[in-house]
Amino acid sequence: MADGHEEGAGKAHPKIQAVVSAANQAQINDKNRALNKWVWQLRDAIDEADDVLDEFEYMKHKQQLPKNTEETKKRKFTSFLFESPRKILKIGERVLKRDPNLNRLEEAVQKLDKVSVDVTTFLHLLDSAKQEQKEQEVDFYKTRETGSLPKNGLIGRGKDKEFVMQWLRMQLNEEHQALVNETDLYRKISLLSIVGHGGMGKTTLLQHAYEDEMTKEFDLKMWVCVSKNFDVKKVIADMLESLKKRRPRLDTLDALQNSLRTEIMSKKFLLVLDDIWEEEENRDINKWETVLTPLAYGKIGSGILLTTRMDSVAMMIAKVIKKNEIFRLEGLEEDQCLQFLNSHAFADVENPNDYKRLRFITGEIVKKLSGSPLAAKVIGGVLNSSLNERHWTNVLNSDFVSPKLGQDDIFLILRLSYMFLPKHLQNCFAFCYIFQQDHLFLKDDLVKMWIALGFIQQPHDQEWTMEDIGGMYFDVLVKKNFFEKFKAIGRYYKMHDLIHELAQSVSIHECLRVENSTKFPSIIPKTLRHLSVQTINPDIIKEIEKFKYLHSLFLFDRPCNGDLCNALIDIFKALGSLRLLYISSTCLKTIPEEIENLIHLRFLKIEVMNLTMLPRSLSNLYHLQYIIYENTWGSSQLEVDDFVSSGINNLSNLRYVKLPEKYISSICGIGKLKSLQLLNMFALRDVSGYKIGELENMNDLCKLGITCLENVKGAEEACSAKLCAKWRLTDLTLCWSNTDSRNIDLDENPTFIHQNV
């Protein structure tokens, strides 16, 4: 995976473009360490050159800003002279020379190999390293990406579902439950463990059972995805959230246990514990006893269904519940697997039977899938991208599809699906490893991050926005089964755990998550570009500061670190190449002004309980495209008059801003934000900088809400908004906040509506 920014510098030089293209096509792995090192030295040089170009654009934007006063101008110029003499020299060189960045890139390439300065030598080695790999370039705009995922039933799992439903009926049978041991703490609860290899459809099976009409006979239903990062408090909180449809605001384990006990007291419940892993058996048993104890207060006939890959997990939970029944989920029968494969391979095809040759090929492919539904689904997505016999034959003959496919080899099939993605989609997918397993993805949020990191290709048609293209990328990945809709919450998507492991394997040189640890792992790739950290301490900060080419940083202050502000100062000074910054903390009150060092920053998201104000220097980050502030923990926002700097209107590249609405309306001269796409509430005032004319040049708006229209003096002023020029506008709200002072002339004059809408 390489950032899309490499195109900015690389495309200007044919040799560099050729090297990067070849490096991207060849899936270099740890067996080719020398080549890995060489490629990453090249990419470092490209990133450095890209930063230079970015700085030039930054300074160009700064110079174009209107000068407020002579005093301000002199102060800024003096500061610039003293703080950045090297930067001035670089800019001067760039102005005087035709294109010095190409010279710098050539020098960087020549340093890659001390033996040979000829890039063709590198290309030869790179080509020989992966001779068997054929070029699989896919034109994004020509592939068949319309339509939705195939809407199949539970293909091939009818008998398996019936077994689960019969088990549930037994739990609802009062006579059956009368046979339980009266002295057993968990006598009211039964347990069924679904055990099977990854990708066998364990979760899908239980989803269909969970949604069956019969389960309505249970008083309560809970679905909890446990996953690898097992945390007692989180699992209990997830149970409560599943019951109450909102996250409990409880901090202590005792409070969570008591709340769960109260909710399920004398109630017949069905609990699904999905995707349980094992850490250390003795320690995990103690943890699970803590989780399950409140459930003992439920009503007789309650049931727990769990899924796991490991028998040892099923036996461990059985030791706690003191009863267990295991159902092993095996692979699909070949004819059922073929039906499933064809349903995805021929999705959106009107007459699949017309493609007899292609159906013959899927008949050969299915013999190599060992009945794995996930493998069939993913390979089907690969085939569906082109109804071309050569393409399908290449998949059939690929080394990744082995006739001796076992559980470990299913992963190779998933990797094949990644290999057949076009490069820009590979970048987007691989980045997703930065999020923990079972993360709930919001399409729009992820697309914004992709744009900030340069993964989205510029649209060829002016009718398309970057967000439109990014949305198409996401839809393609959904169609190809890299994401799946999370049914419990309609707007969200998830990755199958094996798909998440695939993301880890293809991003291992660039993405790192440091979870529940006070220090970094002993071996860290120097090529790191994306980092997520759950714990902040001095040792962690020292490690973070080493990665000067880091492009995205996710900081989660768990537990709360009182010295986070000082830590951020050090980080902001060290990581000047950041494009994306995500900060989540329950105790941080201010973001240090040193954030002004992040002049390449495109995306800033802040999740802080009570932020007093945005840093004033934020208005100097001219590349910023997205500013998102969320008070996630639901506490009341502090009332601050100057929460937003008056200079924020300098950020003409801003495409999206999420702040409390009153602070959006406080921005004077918001009309300078010409790239803004969403303005939910623009409160008009009869004051310069807040009048409706500010909207005149904001032609990228897709959603607009205007309130306090009583402050518009007449139709002529109203028409200055030029709403008719905003051809992307799909959502418009017009409000008067004071009906007594409405402008009667404006209300009755149709000119405003006719000329603006």
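The values are calculated or read from the model by the stated rules, or taken from the named source; none is laboratory data. Because the structure is predicted, anything quoted here is derived from the model rather than measured. Because the Cβ atoms are built from the backbone with ideal geometry, glycine has one as well, and the counts that use them run over all protein chains shown. Please note that ligands, DNA and RNA were not included when accessible areas were found on the heavy atoms of the full protein model with its side chains. Shrake-Rupley method; radii C 1.70, N 1.55, O 1.52, S 1.80 Å.
Before moving on, here are some points about what is shown:
- Counting the residues of segment 337-357 that are in a helix (DSSP H, G or I) and either open to solvent by 10 Å² or more (accessible area, probe 1.4 Å) or touching a Lys or Arg at 6+ places or on another chain (Cβ under 6 Å) (or both) gives 11.
- Cβ-Cβ under 6 Å pairs, at least 6 apart or on other chains, segment 334-363 side without any contact (Cβ under 8 Å) to a residue 60 or more places away in the chain, far side not in a helix (DSSP H, G or I): P352/F346
- Once segment 542-558 is narrowed to residues that are at pLDDT below 90 and in contact with a strand residue (DSSP E or B) (Cβ under 9 Å, 6 or more places away or on another chain), the residue that is surrounded by the fewest Cβ atoms within 10 Å (Cβ to Cβ) is R558.
- Looking across segment 671-689, the residues that are in a loop (DSSP other than H, G, I, E, B) and either on the phi > 0 side of the Ramachandran plot or free of Cβ contacts under 8 Å to residues at least 24 places away in the same chain (or both) come down to V687, S688, G689.
- Test: residue in segment 585-600 that is part of a strand (DSSP E or B), surrounded by fewer than 18 Cβ atoms within 10 Å (Cβ to Cβ) and either out of contact with any Cys (no Cβ under 6 Å at 6 or more places or on another chain) or not β-branched (V, I, T) (or both): yes
- For segment 641-660, the tally of residues that are exposed (fewer than 15 other Cβ atoms within 10 Å of the Cβ) and in a helix (DSSP H, G or I) stands at 1.
- Looking across K319, K323, one residue alone is closer than 24 Å to I285 by Cα, without any contact (Cβ under 8 Å) to a residue 40 or more places away in the chain and open to solvent by 20 Å² or more (accessible area, probe 1.4 Å). It is K319.
- In segment 661-675, the qualifying residues are those that are out of contact with any helix residue (DSSP H, G or I) (no Cβ under 8 Å at 6 or more places or on another chain) and closer than 19 Å to H623 by Cβ, and the one that is surrounded by the most Cβ atoms within 10 Å (Cβ to Cβ) is S675.
- Screening V514 with (1) open to solvent by less than 10 Å² (accessible area, probe 1.4 Å); (2) in contact with a Cys (Cβ under 9 Å, 6 or more places away or on another chain) gives one miss only, at (2).
- Of the criteria (1) closer than 30 Å to R169 by Cα; (2) free of Cβ contacts under 8 Å to residues at least 24 places away in the same chain, which one I300 fails: (2)
- Residue in segment 191-227 that is nearest to V272 (Cα to Cα), counting only those that are among the basic types (K, R) and surrounded by fewer than 21 Cβ atoms within 10 Å (Cβ to Cβ): K221
- When residues of segment 528-544 are limited to those that are part of a loop (DSSP other than H, G, I, E, B) and closer than 21 Å to A452 by Cα, the one nearest to the chain's Cα centre (by Cα): R529
- Taken together, the criteria exclude D731 from residues that are within 18 Å of I664 (Cβ to Cβ) and in contact (Cβ under 8 Å) with a residue 60 or more places away in the chain.
- Residue within segment 519-527 that is at pLDDT below 90, closer than 22 Å to F230 by Cα, open to solvent by 40 Å² or more (accessible area, probe 1.4 Å) and more than 13 Å from the chain's Cα centre (by Cα) present: yes
- Number of the condition not met by K479 [criteria: (1) among the charged types (D, E, K, R); (2) closer than 25 Å to L206 by Cα; (3) open to solvent by 50 Å² or more (accessible area, probe 1.4 Å)]: (3)
- Of the criteria (1) part of a strand (DSSP E or B); (2) open to solvent by less than 30 Å² (accessible area, probe 1.4 Å); (3) out of contact with any Lys or Arg (no Cβ under 6 Å at 6 or more places or on another chain), which one L611 fails: (1)
- Helices (runs of 4 or more DSSP H) (entirely within segment 373-467) containing at least 3 residues that are open to solvent by less than 10 Å² (accessible area, probe 1.4 Å) and at pLDDT below 90: 373-384, 407-419
- Segment 455-499: number of residues that are over 24 Å from F603 (Cα atoms) and acidic (D, E): 3
- Just one of the numbered conditions (1) at negative phi; (2) crowded, with 19+ Cβ neighbours inside 10 Å is not true of F230: (2).
- Contacts under 6 angstrom Cβ, first residue in segment 499-515 being at positive phi, partner open to solvent by 40 Å² or more (accessible area, probe 1.4 Å) and not in a loop (DSSP other than H, G, I, E, B), 6 or more apart: none
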